[in-house]
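Asks: There's a structure below that I have some questions on.
Only the coordinates and a few stated rules stand behind these numbers; no lab work does. Remember, predicted model here, so these are calculated numbers, not experimental data. A quick note on method: Cβ atoms are made from the backbone with ideal geometry, for glycine too, and the neighbour counts reach across all protein chains shown.
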Amino acid sequence: MTTISREADWAEAPSLIEGASRLELSARDCDLDYWFDNVPRGTLSGLVHGHSADARIPEYMLRPGPLRDAIINEFAFRSIAEEKATRAITYIVASAPDIYTMEFFATQLIDEARHSRVFRGHLLELGIKEADLFDTIERISGDDSRAILVPLEDFALPMIRDQRDFIAGVVILTILVEGVLAPAAELSERKWRHLDPAAAGIERGANIDEIRHLTVGSDVVRRYLVDHPGEKQRVLDLITRGRALWAQLPTTDVIVKRELYFQEGLEQQADLVRDYLVWPGKRLIDTTPEERLMAANTWSNEMQNSRLQYMGLAEAIP
Ligand code: FE
Ligand code: FE
């Protein structure tokens, strides 16, 4: 029996933000053998539908109400985003310059396909009928996907698919997409821990994978810039263009919508989370949607800054 690396161990792994800010892992460290030992036989062993077998779904999640609306909104959108990520990563695998990065991104491709599946799976666990699943996802998140995810695809695919620009793909994935979204995923895991333990478990599993995606992706960019110093300006320009795109997208509207549902539900179930600290010194029940969004933003900036420094892209720190 192999031992599981700490960063992939369900009980031992650090939080996403902590792990993605501090750990160092390379594509060579996280090859296909590492993945089989640490993910299917590690993080995921014993999980059912992406969470531990004993994680409950509270009864109030199974009938109409704001917490149910909040999670359906969040997970419908996430299931589309993860599907789109999976499809986009195929081009990164195809243009990977060596076997190490090819194997690593092939594992990330399966991770993202799994995330899409377990987010959808939770909608089934909440009682949405399988025959209605894709119509429900479209009804709830189709417009949001067209407003946010499609413009991101339109930005990325000409580079990664048509020009086979490997490093552009890794920069977009690691810095502009996962780096931006990771803090929201961390917040989600914390918010749902006691209100929908199964959902929080699904997030936990995805977030453990995300530690690896962010650390290895950063290392790939760092090594590329060491080997190709003349490419640095092009990478910085890509980051600037990507951030300008994000600034135009209605991301806040989409997140605020689900936070408002969450807030209403939180107040209804306040007894369940009386003493629960969502972050050190702050009880979940004392937070507002604005405060939660601000906290995620702060984590996002801190994490991004430490990663950009590591990649040799300090010039991109605002
Ligand atoms: Fe993912
Ligand atoms: Fe990921």
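Asks: Using only the alpha-carbon atoms, how far is helix 99-125 inclined from the longest principal axis of the chain? Give it as 0 to 90 degrees, nearest 10.
Replies: Rounded to the nearest ten degrees, it is 10.
Asks: Give the separation of the Cα centroids, the stretch 49-66 to the stretch 214-272, in Å.
Replies: Spelled out, the Cα-based centre of one part sits 28 Å from the other.
Asks: Using helices alone, what [θ] at 222 nm do you get for the chain, with -39,500 (n - 2.57) per DSSP H run of 4 or more residues, divided over all residues and rounded to the nearest 500? Intermediate values should be presented prior to the final figure.
Replies: Numbers: 12 runs with 200 residues, N = 318.
Calculated from helices alone, the mean residue ellipticity at 222 nm is -21000 deg cm²/dmol.
Asks: Here's something else I'd like to know. Within the stretch 249-310, which trypsin sites (Lys or Arg not before Pro) sit in a loop by DSSP and count at most 16 neighbouring Cβ atoms inside 10 Å?
Replies: Arg274
Asks: On a straight-distance basis, which lysines could pair with Lys282 in a cross-link, Cα separation under 29 angstrom, same-chain partners fewer than 8 positions away excluded?
Replies: Excluding near neighbours in sequence, the set is Lys191, Lys257.
Asks: Mind putting together the pair-distance distribution for the stretch 1-125? All Cα pairs, 5 Å bins, whole percent per bin, short to long.
Replies: Pair shares across the bins are 2, 10, 15, 18, 21, 16, 10, 5, 3, 1, 0.
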